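Asks: Could you have a look at this structure, given as structure tokens, before my questions?
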Amino acid sequence: MAEKEAWYKKSHWQILIGMFLGLLYGLIAAAAGWTKFTNDWIAPFGVIFINSLQLIAVPLVVASLVLGVASLSDLKKLSRIGGKTLAIYITTTAIAVVFGLVIVNVLQPGLKVPEAARMQLQEQFAGDVSAKEAVAADVQNRGPLQILIDIVPSNFFESASSNRNMLQIVFVSLMVGIGLIQLEKSQAKPMIDVLESLNHVVIRLVDLIMLFAPLGVFSLIARTITDLAGDDFSQILQLLAALGFYCIAVVLGLVLHVCVTYFGLLKLTTKMPIKTFLKGIAPVQLVAFSTSSSGATLPLTMERCEEKLGVSEEVSSFVVPLGATINMDGTALYQAVAAVFIAQSMGMDVGLSGQITIVLTAVLASIGTAAVPGAGIIMLVIILQSIGVPSSGIALILGVDRILDMLRTVTNVTGDASVAVAIASLEGQLGEPSVDEPDSHVRLHGDDPAQHDEPVSQD
Ligand code: ASP
């Protein structure tokens, strides 16, 4: 029988309290002009929190993915899981873009920006635009097959030295796992033992780092507010007033996508109640919101999928890192809304062919978007260019981009977790969820709950 826990001991409540206090502090700091103090004394805790999550992402993915593949009895299963995962990822992203387009065409937020505000925004953010355009030009100059070349590294240690190379790390781990299957049991065992042990250590580290999460998110939210406001809080309010309709369109699209597409997917493929799913991933969503990075959130997404939602390690170790890298539905939806919004506010009409181009480029761009803060707006430059809208138009939305980045990152990680649960269920590898059990498994001595988590098929 699961032991009940006091509400304030649950990690999502502690993180929420951290966020609320961070918001409160950020507002006071912005009003009182404490930006420098905040940068020097508060912000570093957020950076440490993100760094420590990123620190364990590579070992976690390598250990759990190699073990996941090595435990497969045949490789057909791997290609079946891979095929289903990619199909669901691409389909849900295309649906997200269509939702974005429908909403932006119906609400037409671009027609509601006052002319004076438009001119002011373009002037204010013109400097930031050229830096983003330069990065986007770099991406655009690559050949069509560069994406395949980028997946296969020439040196594993070089790939492992940056979390941005997650696709390469997934590729190498798959190859090592496949290599292990081909070996005699006695030859494979030493390496499997080491990786198993590493895997347990890293999962424990996620728990330890999460003890620090309330302070980490406090610091991240406080920093975000003071960054946005500078020392003049009225700036944020002015921005929100000018771009309110645009923000509403993006948020509406994200909510619609989560409720219709992800919850629909869960309903279609599993018996898991939506409430259970949400309870399981609440801390993941809060950390994604505070860090704006699905890459930094990845270790937590994997841990919660396995330990709380009952997804088998075999499925989660493949589906979640792949999702954090290529499945960005929130980003794709936002890019579609932003592209049409910018065109509308510049008085340009994006016809049907332009909208179809947006669907194609936004799906591809979201695959190529790095799982880090602010990456989505760089790929937006490419989308704008493909529909003939001047990329300088991103100046219009830069001011509120950080806020929307937080929300689209929540959507991105929710997508990864829903697809992991769906695939696990389709593969008969979804165990009983254990969302009501105590959150932290940090123990100094004794039992290892991970070892009791034998997946139970729902069929
Ligand atoms: N910050 C997003 C993520 O990490 C990417 C983006 O849309 O900028 O998922």
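The values are calculated or read from the model by the stated rules, or taken from the named source; none is laboratory data. All figures in this text were calculated on a predicted structure; none of them were measured in a lab. No Cβ is skipped: glycine too gets one built from the backbone with ideal geometry, and neighbour counts run over all protein chains shown.
Asks: Take region 257-292 and flag every residue that is crowded, with 20+ Cβ neighbours inside 10 Å and among the aromatic types (Phe, Trp, Tyr).
Replies: Correct list: Tyr262, Phe277, Phe289.
Asks: Identify, from the list Ser161, Ser234, the residue that is within 30 Å of Ala29 (Cβ to Cβ), free of Cβ contacts under 8 Å to residues at least 40 places away in the same chain and exposed (fewer than 14 other Cβ atoms within 10 Å of the Cβ).
Replies: Just a single option satisfies the conditions, and that option is Ser234.
One line per residue, one yes/no per condition, for (1) of a type in the set (Gly, Ala, Ser); (2) more than 15 Å from the ligand (Cβ to nearest atom); (3) assigned to a helix (DSSP H, G or I):
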{"position": "Gly244", "(1), (2), (3)": "yes, yes, yes"}
{"position": "Leu256", "(1), (2), (3)": "no, yes, yes"}
{"position": "Ile281", "(1), (2), (3)": "no, no, yes"}
{"position": "Thr297", "(1), (2), (3)": "no, no, yes"}
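Asks: Are any residues in region 99-111 surrounded by fewer than 16 Cβ atoms within 10 Å (Cβ to Cβ) and assigned to a helix (DSSP H, G or I), and if so, which ones?
Replies: Scanning region 99-111 gives Val102, Asn105, Val106, Leu111.
Asks: Okay, next question. Given (1) within 15 Å of the chain's Cα centre (by Cα); (2) more than 30 Å from Gln120 (Cβ to Cβ), identify the lone condition not met by Val372.
Replies: Of the numbered conditions (1) within 15 Å of the chain's Cα centre (by Cα); (2) more than 30 Å from Gln120 (Cβ to Cβ), the odd one out for Val372 is (2).
Asks: Which condition breaks for Ala43 when tested against (1) at pLDDT 90 or above; (2) among the hydrophobic types (A, V, I, L, M, F, W, C); (3) within 30 Å of Ala188 (Cα to Cα)?
Replies: Tallying (1) at pLDDT 90 or above; (2) among the hydrophobic types (A, V, I, L, M, F, W, C); (3) within 30 Å of Ala188 (Cα to Cα), Ala43 fails exactly one: (3).
Asks: Which of the residues that make up region 314-346 are among the aromatic types (Phe, Trp, Tyr) and either under 30 Å from Leu430 (Cβ atoms) or within 14 Å of the ligand (Cβ to nearest atom) (or both)? Don't jump to the end; show me each part of the working.
Replies: Kept after step one, since they are among the aromatic types (Phe, Trp, Tyr), are these residues of region 314-346: 318, 334, 341.
Matches in region 314-346: Phe318, Tyr334.
Asks: Small (Gly, Ala, Ser), more than 10 Å from the chain's Cα centre (by Cα) and modelled with pLDDT under 95, is that true of Ser293?
Replies: Considered against the rule, which asks whether it is small (Gly, Ala, Ser), more than 10 Å from the chain's Cα centre (by Cα) and modelled with pLDDT under 95, Ser293 comes out as no.
Asks: Going residue by residue through region 300-312, is there one that turns out to be hydrophobic (A, V, I, L, M, F, W, C) and closer than 18 Å to Leu398 by Cα?
Replies: No, region 300-312 contains no residue that is hydrophobic (A, V, I, L, M, F, W, C) and closer than 18 Å to Leu398 by Cα.
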